[in-house]
Amino acid sequence: MTTREILTYELFGQGIRELAQQVADSDFEPDILLGIARGGLVPAGALAYALDCKNLFTISVEFYTGVDARLDVPVMLPPFLDARDLDQAKVLVVDDVADTGKTLELVNDFCGGHVAEARTAVLYEKPHSIIKADFAWRRTDRWINFPWSTEEPVVRRSGVRDA
Ligand code: 5GP
């Protein structure tokens, strides 16, 4: 039996529709989606279409260096988003998973004081997360294999000629 939670692209499509439905059924209509790079970018882009929201921002945060291997704290990476660009908007912060929850917390704090309201949406939430996402598709305590980050990056094939 696998000890991993496996998300396929097909299941991802279903998950995004169901997550979007949770948001649409709520009292929160976001003006802006803020995807946390890199893991939150694919979910944020798909959610933006599902919610028909054209304002999509990104913020880069680095925390994990491998399976369950982390830096001490999550850190924002340049180029830095100017929080005034989110001025008084209703912002939906999107990530792939709230594991420790520290990344979501960092971005939530960053939004604080600048936006009218910030809520959070994730595909997965782990039980020990310090932040409870406003919208979560599934809950698991296992390590998740996401379809965009499980395989090794592609490399140039030998014998391919320069254009
Ligand atoms: P957190 O700050 O909540 O601990 O984790 C934030 C980021 O770490 C996630 O957005 C994701 O990129 C990465 N991460 C945490 N848990 C997992 C996991 O189970 N699987 C994968 N692939 N990435 C994870």
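The values are calculated or read from the model by the stated rules, or taken from the named source; none is laboratory data. These figures come from a predicted structure and were not determined experimentally. Heads up, the Cβs are rebuilt from the backbone with ideal geometry, glycines too, and the neighbour counts pull from every protein chain shown. For the accessible areas, the whole protein counts, side chains as well, though only heavy atoms, and no ligand, DNA or RNA atoms are used. Shrake-Rupley method; radii C 1.70, N 1.55, O 1.52, S 1.80 Å.
Observations on the model:
- Accessible-area composition of the chain, carbon plus sulfur, in percent [1.4 Å probe]: 49 percent
- Residues in the chain average 60 Å² of solvent-accessible surface per residue, probe 1.4 Å, ligands and nucleic acids excluded.
- Relative protection proxy for 8-19, 87-98, 60-71, from highest mean packing down: 87-98, 8-19, 60-71 (other beta-carbon atoms within 10 angstrom).
- Taking a quarter of the surface of the Cα convex hull of segment 42-89 gives a mean projected area of 4.8 nm².
- Computed P(r) (all Cα pairs; segment 69-113; 5 Å bins; percent): 5, 17, 29, 25, 16, 5, 2, 0
- Rg and Dmax of the chain, based on Cα coordinates, read 16.5, 56 Å.
- Counting only Cα atoms, the size of segment 2-56 along its three principal axes is 39, 24, 16 Å, in decreasing order.
- Kyte-Doolittle mean at least -1.0, axial Cα span of 15 Å or more - DSSP H helices of the chain: 9-24
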